[in-house]
Structures are given as structure tokens and as C-alpha cells.
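Q: Before we start, here is the structure in question, set down as C-alpha cells.
Read-outs throughout are calculated quantities, based only on the coordinates presented, and are distinct from any laboratory measurement. This structure is a prediction, so every number in the text was calculated from the model and none was measured. So basically every Cβ, Gly included, is an ideal-geometry build from the backbone, and we count neighbours across all protein chains shown.
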Amino acid sequence: MTTGATATIALAVAQRRNDVIDAHRRAGAVSPRRAIHYDPPTRIHKRYAHRLVRQGVLRQEEGRTWLDDHALSEHSHKERCIALKVLIGLMAVLGVILLSQLR
């Protein structure tokens, strides 16, 4: 798969994640008292909603879901840390490759 195709897929997946989160924010479903019956419009939305429930970002109660903003913040922080570590690793590998080419 090309880098462009991979980036396009990653962007599409991130957008579906944001769609699920935004649907809950628009509905005001940010507490158990304001939980909603979320009906995902597509299969990928449904998969991402289930993933967010497993990660504790969406909470479920009696078939209704609500967005835990604190858990979302923590989850987003962890994802950024992982992305930063991957980027640093890639830069280190690229640095080694470039240094080996100079010799």
C-alpha cells in the first residue's frame, strides 16, 4: 500500500472517530444523566463507537452512551505520546541511514 493511500485511510478513520465524539457533544451527552441512544450511521462508525467504549472514552449505561471528557483527554494525550515516540524512532532510524551514507 502506498504512503498516500495509508494516509488517506488513517485520515478517514480519524474522521469517523471525530464523528462519533461530535455526535455525543452535539447531543450534550457528556454525563450519565444526558446519555443518548447512539445509532451509528455506518459500520465503521459502529466499530469506532465500540472501540471508544472499550477504551473508556464512551461510557455505556442501560443501552445509552455518553462522552467522558476526562477519559477522552487522557486517551488523546496517550495517543499523542505514542505518535511522538514513533516519530522520534523514525527520525533516529533516518539519522542512522543518513550517517551511514556519509561514510
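Q: Farthest toward the dipole's positive end in the stretch 3-102, which of Ile97, Leu11, Pro40, given Cβ charges of +1 (Lys, Arg) and -1 (Asp, Glu) about the Cα centre?
A: Of Ile97, Leu11, Pro40, it is Pro40.
Q: Treating only the Cβ atoms of Lys and Arg (+1) and Asp and Glu (-1) as charged, compute the dipole magnitude of the stretch 3-102 about its Cα centre; round to the nearest 20 debye.
A: Around 160 debye, computed over the stretch 3-102.
Q: Residues of the stretch 45-63 with backbone nitrogen within less than 20 Å of a virtual label 7 Å along the Cα-to-Cβ line of Glu79, please, listed as ranges.
A: 45-60
Q: Among the GluC sites (Glu not before Pro) within the stretch 21-87, which fall in a DSSP loop and have no more than 10 other Cβ atoms within 10 Å of their own Cβ?
A: Of the GluC sites (Glu not before Pro), the ones in loops of the stretch 21-87 whose Cβ has at most 10 other Cβ atoms within 10 Å are Glu62.
Q: Also: Which angle between 0 and 90 degrees, to the nearest 10, do you get for helix 43-54 versus the longest principal axis of the chain when only C-alpha atoms count?
A: With both axes taken from Cα atoms, the answer is about 90 degrees.
Q: Now for a different question. What's the FRET efficiency of Ile9 with His50 using the Cβ-Cβ distance as r and R₀ = 22 Å, to the nearest 0.05?
A: 0.70
Q: Further question: Which cross-chain or sequence-distant (5 or more) residues have an amide H under 5 Å from the amide H of Val57, H modelled 1.01 Å from N in plane?
A: The list, which skips near neighbours in sequence, is empty: none.
Q: What is the gain in length, in nm to one decimal, between Arg43 and Leu94 on full extension, counting 0.36 nm per residue of separation less the C-alpha to C-alpha distance?
A: Between Arg43 and Leu94, full extension yields 14.6 nm more.
Q: Still on this structure, please answer the following. In whole Hz and in residue order, list the ³J(HN,Hα) couplings for the stretch 17-24 that follow from phi through the Karplus curve 6.51 cos²θ - 1.76 cosθ + 1.60, θ = phi - 60°; x for Gly and Pro.
A: After applying 6.51 cos²θ - 1.76 cosθ + 1.60, I find 4, 5, 4, 5, 5, 5, 4, 6 Hz.
Q: Kindly state, as a whole number, the per residue volume in cubic angstrom of the convex hull around the alpha carbon atoms of the stretch 3-102.
A: Given the Cα convex hull of the stretch 3-102, per-residue volume reads 105 Å³.
Q: Applying the Karplus parametrisation 6.51 cos²θ - 1.76 cosθ + 1.60 with θ = phi - 60° to the phi angles of the stretch 27-32, what ³J(HN,Hα) value in whole Hz is obtained for each residue in order, glycine and proline being reported as x?
A: These are the phi-based 3J(HN,Hα) values: 7, x, 7, 10, 7, x Hz.
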